[in-house]
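Readers should treat all values here as calculations from the given coordinates under stated rules, not as data from a laboratory. As the structure is a computational prediction, the values presented were derived from the model and not from experiment. Don't worry about glycine lacking a Cβ; one is built from the backbone with ideal geometry, like all the others, and counts go over all protein chains shown.
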Amino acid sequence: MEPLANFNLNRLLVFVTVVDAGSLTAAAVRLGLTKTVVSAHIRKLEQETGASLLLRTTRSLSLTDAGEAFYEASRRIVHDAADAVAEAGQAAMAPRGLLRVTAPIDYCGPVVAVAAQLRQRYPELDIELLSGDGLADLVKEGIDVAVRIGRLRDSALQAARLAEFEEWVVAPPQLFKAMPESPASLEGAPFVGLSVLPKPWSWTFTRGGEQHAVKLRQGFACNSALAVLGAVLHGAGFCILPHHVVEAHVRAGLLVRLLPEWTLPGGGVHAVFPATRYRPKKTRVFVDALREQLAHGVR
């Protein structure tokens, strides 16, 4: 390897971008370079390290064993350098640039509200909201922050808890001739389940020191909380949803809350970030604003 004084550290950025983007072409677009220049950087990097870092075919790109180790070390160096530059330059600067945010379709309301407020406050901040219920790859897709509901699955990411929610049992007023008096009375009644949950039909109710597990009737399921809500409003059955989804409909008399003295396991609203030691100012401003919005109730 050549002495570090003669080593072009920009090649580390090119290498990391190629791996994260998944191809030379995609990396070239992100970096604003030609594919030929990107390829030349990778070729020179392999010469300088004396190791084959990437396995390239016409359709795919993967890391060698040496490339895996070199990628992890390079990624830390690139992120540390970016953090140092950002921390020095952003201290007194208003948020600017592109902020890419992903959020579940059912939870876009408060995210859109915050994004609109920040756009008015910081004209040089561009915001792109990607709504969807899948778990996006934050690094590969260039996402700054993901809003996620419930339990977190990817421990490799950093997360900040923004708010908590309760699960409410609700139904159209006409569904039950008599209000259910216990969790057991829900069994056999028409139920609309949220299919993205690990166990949409099994719930454990708690009251004081008492617990009651129920197995609800299968028959109607949707993969979106808003779709479940719509089905219930049309009389398809009762449901169990986060309180912020149904509370307004309860206040309006369109739904009634069942068994309010019993509680169900709730969940959290989290902001999730790529694993770096420094969080850009645009991300911190967005997360702080969303936390404040949620503290005043989801709208």
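Using 0.36 nm times the number of residues separating Ser202 and Thr64, minus their current alpha carbon distance, what extension gain do you get?
My answer for the length gained is 45.2 nm.
Give the Cα extents of region 61-210 along the principal axes, in whole Å, largest first.
Extents along the principal axes: 65, 47, 33 Å.
In percent, how large is the relative contact order of region 4-90, given Cα pairs closer than 8 Å and 6 or more residues apart?
28
Would you mind putting 8-15, 198-205 in packing order, based on average other-beta-carbon counts within 10 Å, highest first?
Taking the mean over residues of other Cβ atoms within 10 Å, the ranking is 8-15, 198-205.
Using a simple spin-label model with points 7 Å from Cα along the Cα→Cβ vector, what separation in nm is obtained for Arg251 and Arg217?
3.2
Applying a 10 Å radius around every beta-carbon, put 104-114, 46-56 in order of their mean neighbour count, most first. Walk me through the numbers before you get to the answer.
Details: 104-114: 18.6, 46-56: 14.8.
Final packing ranking: 104-114, 46-56.
Which order do the peptides 63-70, 38-45 take when ranked by the mean count of other beta-carbon atoms within 10 Å per residue, highest first?
On the way: 63-70: 15.4, 38-45: 17.9.
Output ranking for 63-70, 38-45: 38-45, 63-70.
Please state, as a whole number in µm²/s, the translational diffusion coefficient that the Stokes-Einstein equation yields for region 49-149 at 20 °C and 1.002 mPa s, with Rh defined as the Kirkwood radius across alpha carbon pairs.
On the way: Rh = 16.6 Å.
Diffusion coefficient, whole number: 129 µm²/s.
Of the beta bridges DSSP finds with both residues in the chain, what % are antiparallel, to the nearest 5?
Of all bridge pairs located within the chain, approximately 70 percent are antiparallel.
In bins 5 Å wide, starting from 0, what share of all Cα pairs of the chain does each bin hold, as a percent?
Final binned percentages: 1, 5, 10, 12, 13, 11, 10, 9, 8, 7, 6, 4, 3, 1, 1, 0, 0.
Nearest 0.05, what FRET efficiency do His296 and Leu264 give at R0 = 22 Å with Cβ-Cβ as r?
0.40
Give me the one-decimal nm value for the distance between modelled label points at Ser23 and Val37, 7 Å along each residue's Cα-to-Cβ direction.
2.0
Expressed in nm to one decimal, what extension gain is obtained for the pair Leu129 and Asn8 from 0.36 nm per residue of sequence separation less their Cα-Cα distance?
40.0 nm
In degrees from 0 to 90, rounded to the nearest 10, what is the angle of the helix 10-21 Cα long axis to the longest principal axis of the chain?
Approximately 30 degrees, to the nearest 10.
Can you give me the relative contact order of the chain as a percent, contacts being Cα pairs under 8 Å and 6 or more apart?
This gives 22 percent for the chain.
What FRET efficiency do you get for Ala178 and Asp288 if R0 is 51 Å and r is their Cβ-Cβ distance, rounded to the nearest 0.05?
Efficiency computed from Cβ-Cβ geometry: 0.60.
Order of Cys239, Cys222 from fewest to most other C-beta atoms within 10 Å?
Cys222, Cys239
Of the options Gly253, Ser185, Leu226, report the single residue whose Cα projects farthest towards the positive end of the charge dipole of region 167-265 (beta-carbon charges: Lys, Arg +1; Asp, Glu -1).
Leu226
So how tilted is helix 108-121 from the main axis of the chain? Cα-based, degrees 0 to 90, rounded to 10.
50
Assign unit charges at the C-beta atoms only (+1 for Lys and Arg, -1 for Asp and Glu), then state the dipole size of region 167-265 relative to its Cα centre in Debye, rounded to the nearest 20.
It works out to roughly 160 debye.
Between Leu98 and Ala136, what is 0.36 nm times their sequence separation minus the Cα-Cα distance? Round to one decimal in nm.
11.9 nm
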